[in-house]
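One structure below.
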Amino acid sequence: MFAQLASTHLRVLFTRRLPVISAWGPPAQSQSIARRWFSAPRDLDKEIESITDLATVAKDEMDFAQESRNSVYYNDDKKAAHEAVDEMTEAYNSLLGRLTDADKRSIEMRIGMKIKEIQSAYEIMTLNDLED
């Protein structure tokens, strides 16, 4: 019981969104920078890193939800996992929408499989809920 409660509180502490300070204006509302056009490959690498971080958060949230299955925390953990997967997917699709076909293939090779793996794992988790 204590471990689950401590886990929940630590998760809240480490998954809070912090404003991103940008040289282009006031702080952004979230850590997603997917709406900005790229001026250099370094910006693209930063956005890929940001999406990778979102993927890590989504995976962690899904792990927390699986651990809390059959407990009172499960619904909240599953909701947090859903939000994290949606945020990751939105950032990834936004990035792909602004790239050339050659760049899209490159990005899909770099992080596309990880994104699809997390999306599939979330779908399986949802399907398992329907079976129970």
If packing is taken as the mean number of other Cβ atoms within 10 Å per residue, what is the order of 94-107, 113-126, 73-86, highest first?
-> 73-86, 113-126, 94-107
What is region 59-132 by shape, rounded, prolate or oblate, if you read a ≥ b ≥ c off the alpha carbon gyration tensor as root eigenvalues and call it rounded for a/c under 1.5, prolate for a/b larger than b/c, and oblate otherwise?
-> prolate
What is the spin-label model distance, in nm, from Arg69 to Arg110 if the labels are put 7 Å beyond Cα along the C-beta direction?
-> 3.4 nm
Expected unfolding gain across Glu117-Asp60 under the 0.36 nm per residue rule, minus the alpha-carbon gap, is 19.2 nm
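No value in this document is a laboratory result; all are computed from the given coordinates. These figures come from a predicted structure and were not determined experimentally. Counting neighbours? That spans all protein chains shown, and the Cβs are built from the backbone with ideal geometry, glycine included.
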